[in-house]
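One structure below.
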Amino acid sequence: MSIKEAYCRAHTNIALIKYWGKSDPVNIVPTSSSLSLTLDRFYTDTRVSFQAQLDQDQFFLNGQEQEKAERDKISRFLDHFRQLSGVNYRAQVSSYNHVPTAAGLASSASAYAALAGACREALDLDLTDSQLSRFARRGSGSATRSIFGGFVEWSQGSSPENSMAIPIDAANWDIGMVVIAVNKGAKKISSRQGMAHTLATSPFYEEWVKQSRQDLDEIKTAIAQRDFTTVGQIAEANAMRMHATTLAANPPFTYFEEETLTAIRAVQDLRAAGYDVYYTIDAGPNVKILCPASQMTAIEEALGQYFASEKIISTLPGGPIQILSEWTYDN
Ligand code: ADP
Ligand code: DP6
Ligand code: CO
């Protein structure tokens, strides 16, 4: 019996310059480059086991076997690795999210980065991390960036072959993130649907892409200078512009919920009180606050006036994918 198996952990990442639209939806090539911060606290552990005797792929998430649509997504992703390696075995994939699934906290990013990392290891593929990020991209765009730790750029490239991640800075300076998880439930409109609908119908879309290019140049300069305040200001503005495109879509929609606005106001209050805090929001209602790591505890405490403590989760920047030497889960 022949088995090729490996386990990998990948951390989620939160974009400070957002990816919001595809120029090539089949190969997941974005309309603009993006930049993120990998987070230590939120991650996915994935085991892949290619086995000669399996007659179809199997996919378990958090211990539960998933239905056909989810399994088919995984199969299409594994096909890229089967093609590259010449190994045609079906696989069992088992994955555990240490992040809420489909809630706008980037589970698809850690998910596909972990699966890509596990496949490279199991199939003994000779791929650099940047080359691997091209494969992770085929599962979910944001997964491109989760191969690396710290601040990471996803350079849009001009074709599927050169659209990949580049590590920018280890973020091992005074950087932290406080997440306000206002709703951990699954969103109604996936990131994939939301961005496609916006690109197709929002008159603000083109302007968003143009402005985002400028934001990226400016934030890279600010990161190089370790200018935290400028990084925060650019990230906040970039996120709000992305959400503005959804308000102008036809029909319009928003990922914001009531408590999203409460969290935004809380950040504004904290800023007025002297904290160096900036918010960003992805395709979901949850709010992520970029702050100096040294202020994280005080900020958590101050947020206690607005939110129950179980909704507030602090994290430091996270590292790159890592191969796990043992599998501690049930399947
Ligand atoms: P999020 O904000 O969590 O990234 P998305 O809508 O982008 O939300 O992606 C959620 C989808 O990602 C899920 O519906 C599922 O298809 C996929 N996904 C999430 N976690 C995993 C995992 N551990 N393994 C494989 N696929 C996953
Ligand atoms: C708002 O990577 O989840 O979080 O490529 O269709 O799987 P697909 O979408 P996904 O989109 C993330 C959108 C975002 C911004 C970002 O992470 O850059
Ligand atoms: Co996602």
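The values are calculated or read from the model by the stated rules, or taken from the named source; none is laboratory data. Being a predicted model, the structure only gives us computed values, none of them experimental. Note: ideal-geometry Cβ built from the backbone for every residue, glycine included; neighbour counts use all protein chains shown.
Applying the set (1) surrounded by fewer than 19 Cβ atoms within 10 Å (Cβ to Cβ); (2) closer than 21 Å to residue 141 by Cβ; (3) not polar (S, T, N, Q) to residue 35 leaves exactly one unmet item: (1).
Of all residues in the stretch 86-110, those satisfying the criterion of being within 13 Å of ligand 2 (Cβ to nearest atom) and in contact with a helix residue (DSSP H, G or I) (Cβ under 7 Å, 6 or more places away or on another chain) are 99, 101, 106, 108, 109, 110. Per the listing 248, 272, 266, the residue uniquely over 23 Å from the mean Cα position of the chain (by Cα), crowded, with 22+ Cβ neighbours inside 10 Å and more than 16 Å from ligand 1 (Cβ to nearest atom) is 266.
Of all the numbered requirements in (1) of a type in the set (Gly, Ala, Ser); (2) in contact with a strand residue (DSSP E or B) (Cβ under 6 Å, 6 or more places away or on another chain); (3) away from ligand 3 (no atom under 16 Å from the Cβ), residue 200 misses one, and that requirement is (2). Taking the criterion of being hydrophobic (A, V, I, L, M, F, W, C) and more than 9 Å from ligand 1 (Cβ to nearest atom), the residues of the stretch 83-103 that qualify are 84, 87, 91. Put simply, of 86, 157 the only residue that is more than 15 Å from residue 33 (Cα to Cα) and at pLDDT 95 or above is 86. When the strands (runs of 3 or more DSSP E) confined to the stretch 270-331 are screened for residues that are without any contact (Cβ under 8 Å) to a residue 60 or more places away in the chain, those reaching at least 1 such residues are found at 278-281. Here residue 255 fulfils each of the conditions (1) surrounded by fewer than 19 Cβ atoms within 10 Å (Cβ to Cβ); (2) part of a loop (DSSP other than H, G, I, E, B); (3) among the hydroxyl-bearing types (Ser, Thr, Tyr) apart from (1). When the strands (runs of 3 or more DSSP E) confined to the stretch 1-88 are screened for residues that are more than 16 Å from ligand 3 (Cβ to nearest atom) and over 27 Å from residue 153 (Cα atoms), those reaching at least 2 such residues are found at 3-17, 34-51, 58-61. Candidates 132, 123, 115: the one that is out of contact with any Asp or Glu (no Cβ under 9 Å at 6 or more places or on another chain) and within 14 Å of ligand 2 (Cβ to nearest atom) is 115.
Of the residues making up the stretch 207-231, not one is surrounded by fewer than 14 Cβ atoms within 10 Å (Cβ to Cβ) and within 19 Å of residue 283 (Cα to Cα). Checking every residue in the stretch 290-301 against the condition of being within 16 Å of ligand 2 (Cβ to nearest atom) and under 21 Å from residue 239 (Cα atoms) gives at least one match.
For the stretch 278-298, name all the residues that are more than 20 Å from residue 192 (Cβ to Cβ) and either crowded, with 24+ Cβ neighbours inside 10 Å or not aliphatic (A, V, I, L, M) (or both). Matches in the stretch 278-298: 278, 279, 287, 288, 289, 291, 292, 294, 295, 297. Taken over the stretch 23-33, the criterion of being in contact with a Gly (Cβ under 8 Å, 6 or more places away or on another chain) and either closer than 26 Å to residue 223 by Cα or hydroxyl-bearing (Ser, Thr, Tyr) (or both) is satisfied by 29, 30, 31, 32.
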